[in-house]
Amino acid sequence: APQISVVLLPVSQIKQIPTLLGEKDVIKALQLLPGVQKGTEGSTALYVRGGGPDQNLILLDEAQVYNANHLFGFFSVFNGDAIKNVDFWKGGFPARYGGRLSSVIDLQMKEGGKDHLRGEGGIGLLSSRLTLDKNKKKGKSSFLVSGRRTYLDLLTMPLMSKELKTGYSFYDLNAKLNFDLGAKDKLYVSGYFGND
């Protein structure tokens with residue numbers, strides 16, 4: 001059935017968008033859509049059709065994310081290598097997403113490899129990332145582990161005086177286990193860990 005005011009955005013399309021400092025960012029890609037305005041320059045705040053950033057519901061594998069940014073709003077907490085697709089509702093969203101006035105951002109993580117151990121990674125100017133996924137039992141279960149960490153603190157520590165040795169860093173760790181219980185039944189356990 002046709003859905004009004006929803007954009008289904010695959011991550012393969014997000015990867016083709018030019019990136020800032022080598023970091024592909026899901027939220028910054030959404031800022032390029034019609035009806036969406038960004039906040040201050042470089043910020044991950046979304047203003048959808050006149051609503052405020054606090055009126056957006058952000059879900060990662062059906063779990064609500066309250067603080068979706070790092071580095072004072074410069075980067076989002078979502079590692080693009082771990083995300084499969086993004087459903088972005090600008091209006092007319094179903095009642096199950098109630099409680100928000102502006103928009104719903106529903107992100108689904110990848111489910112892991114089906115055949116053998118796969119890896120994907122990258123080195124950026126501010127952070128590096130690595131994603132590993134594998135099928136544990138052929139056709140029955142799989143896992144995905146994805147991590148990202150900035151090394152801004154490691155680069156600036158030698159330049160600071162002994163009195164001002166306060167480095168800034170952040171990391172994200174996504175993990176997901178999938179179990180196929182039958183033709184129609186599936187169980188998954190998903191987790192996000194991060195520090196800023």
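Rounded to 0.05, the FRET efficiency of the residue 179 and residue 8 pair, given R0 = 35 Å and the Cβ-Cβ distance, is 0.85. Rolling a 1.4 Å probe across the protein heavy atoms gives the chain an accessible surface of 57 Å² per residue. For residue 31, the shell of other residues with beta-carbons less than 10 Å away shows a net charge of +1, using +1 for Lys and Arg and -1 for Asp and Glu.
Can you give the relative contact order of the chain as a percent, counting alpha carbon pairs under 8 Å and 6+ residues apart? Could the numbers behind the result be given before it?
Values: 403 pairs, mean separation 32.9, N = 196.
Taking the mean separation of contacting Cα pairs over the length of the chain, I get 17 percent.
What value, in deg cm²/dmol to 500, does the helix sum -39500 (n - 2.57) over DSSP H runs of n ≥ 4 give at 222 nm once divided by the residues of the chain? Write out the running numbers ahead of the final one.
Working: 3 runs with 14 residues, N = 196.
That calculation yields -1500 deg cm²/dmol at 222 nm.
About the centre of its Cα atoms, the chain shows a dipole size close to 540 debye [charges on the beta carbon of Lys, Arg (+1) and Asp, Glu (-1) only; nearest 20 debye]. Solvent-accessible area assigned to carbon and sulfur over the stretch 49-196 amounts to 59 percent, based on a 1.4 Å probe. For the listed peptides 45-52, 145-152, 11-18, a ranking on the average number of other beta carbons within 10 Å per residue, highest first, reads 145-152, 45-52, 11-18.
Across the options 65, 6, 27, the greatest Cα extent toward the positive end of the charge dipole of the chain (unit charges at beta carbon of Lys, Arg, Asp, Glu) belongs to 6.
The separation of the stretch 37-93 from the stretch 176-196, counted between C-alpha centres, amounts to 22 Å.
Pairwise over distinct Cα atoms, reciprocal of the mean inverse distance: report the Kirkwood radius of the stretch 30-91 in Å, one decimal place. Could the numbers behind the result be given before it?
Values: mean 1/r = 0.0803 Å⁻¹.
After inverting the mean inverse Cα-Cα distance, the result is 12.5 Å.
Any idea what diffusion coefficient the chain gets from Stokes-Einstein, in µm²/s, Kirkwood Rh on alpha carbon pairs, 20 °C, 1.002 mPa s?
Details: Rh = 18.1 Å.
Estimated diffusion coefficient is 118 µm²/s.
The values are calculated or read from the model by the stated rules, or taken from the named source; none is laboratory data. What you see is a predicted model, and the numbers here were worked out from it, not measured in a lab. Backbone-built Cβ (ideal geometry, glycine too); neighbour counts: all protein chains shown. Heads up: the accessible areas ignore ligands, DNA and RNA and are worked out on the full protein's heavy atoms, side chains in. Shrake-Rupley method; radii C 1.70, N 1.55, O 1.52, S 1.80 Å.
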